[in-house]
1. In the chain, carbon and sulfur make up what percent of the accessible area (probe 1.4 Å)?
2. Nothing charged except the Cβ atoms of Lys and Arg (+1) and of Asp and Glu (-1): what's the magnitude of the dipole of the chain about its Cα centre? Round to the nearest 20 debye.
3. Where a ≥ b ≥ c are the square roots of the eigenvalues of the C-alpha gyration tensor, would you call the range 43-90 rounded, which needs a/c under 1.5, or, failing that, prolate if a/b is larger than b/c, or oblate?
4. State, as an integer percentage, the relative contact order of the chain based on alpha-carbon contacts under 8 Å between residues 6 or more apart.
5. Give me the accessible area per residue for the range 40-103, probe 1.4 Å, as a whole number in Å².
6. About its Cα centre, how strong a charge dipole does the range 93-196 have in debye, to the nearest 20, once Lys and Arg get +1 and Asp and Glu get -1 at the Cβ?
7. Can you figure out the FRET efficiency of Ala10 with Leu110, using R₀ = 45 Å and their beta-carbon distance, to the nearest 0.05?
8. May I ask which residue of Ile116, Gly24, Leu47 lies farthest towards the positive end of the charge dipole of the chain, with charges of +1 (Lys, Arg) and -1 (Asp, Glu) on Cβ and the Cα centre as origin?
Amino acid sequence: MGSRPPTYDAEPTALPAADPDDLGDLVADTVLDGARYGSCTLRAVSLRGDSARYRGEPRRDSLLTARFGVGEQALLLVAMATGARAAPGAHRAAAEACIWIGRAVGRSHLRLVEDIRAGRRGDLKSGLHRLTDRTLGKLRAGAAERGVDPEEYAASLRCLLLSADPECRTRVFFGVGPGGLFRLRDGEWQDIEPQVVEVRGEPVLGFGSPPAETPEGDRLTMDLGIPTLPSPYEPAPEPPREPFRFRTSVARPGDTLLMCSGGFADPLRGEPELGEYLADRWSRTEPPGLAAFLADSQVRVKGYADDRTVAAVWEA
């Protein structure tokens, strides 16, 4: 899509260089996953961008999908991270961010499930803020061990929490860094990415906060970098260094919730034709299968050649 065909080939060209003594460091061109729990169907994919495919560079995006617990007490986590551009080991930083946030969420999943089902947004916000800061702190420590600048061994991080309880339609998003959070409702895209504001001086509680409920009846919340109260999940880490994004919403039957990295959010915001195409494809009665979801997610747009990581949730 776009005014002209994309510059690069549509299929992978070059493989990344391999170290025979560290083959575990290799990253697949594409990973694809999916599941169905409660009232929702999940599809998730991470694709190497056209530019990286041409240059033989590894995918900087990392994707983790995980289930913690069983039955209606289960918690689903989708985590995606993007390593710093043009930085050595960017793919490792992204993978470590996903693993560390996965461990933290998994160890606290029972409390998280209770808070999601009970609608304790304050506890969720403070707890997830601290888990995120602890994860980013570990990346900074890893940069120090490697003797590199913390900005070089860093990653953006975006996560989605879903309850397996069919009676619970609360969806929780949190993370740091660029990307997108969208909702497809009644055939129209809504950009619901939480906006963060850099507040200088002493924070003011409630400054810039949205209403507790929208006219459509969705309960929303947002964090503007306000210092958090003691966490029910883990001890407090060092002070946060990046704005934290947080939102909860209550899904309606027929909704599709989309979380994605910047490599997919940018063309979705910048090329209306892509949004129209996906709205038509993803508004149908049944969610797409894995192969169809992969095909939809890799529709190419001139001028956008970064890695793409996409997770979508269809509400029954």
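The values are calculated or read from the model by the stated rules, or taken from the named source; none is laboratory data. The structure presented is a predicted model; accordingly, all values stated were derived computationally and were not measured. All Cβ positions, even for glycine, are placed from backbone atoms using ideal geometry, and neighbour counts span all protein chains on display. Ligands, DNA and RNA are stripped out before the accessible areas are found, and what is left, the full protein with its side chains, is counted by its heavy atoms. Shrake-Rupley method; radii C 1.70, N 1.55, O 1.52, S 1.80 Å.
1. After summing per-atom areas, the C and S share lands at 51 percent.
2. Roughly 420 debye, rounded to the nearest 20.
3. Note, shape of the range 43-90 comes out prolate.
4. This gives 24 percent for the chain.
5. Per residue, the range 40-103 has an accessible area of 36 Å².
6. The dipole magnitude comes to about 400 debye.
7. 0.50
8. Ile116
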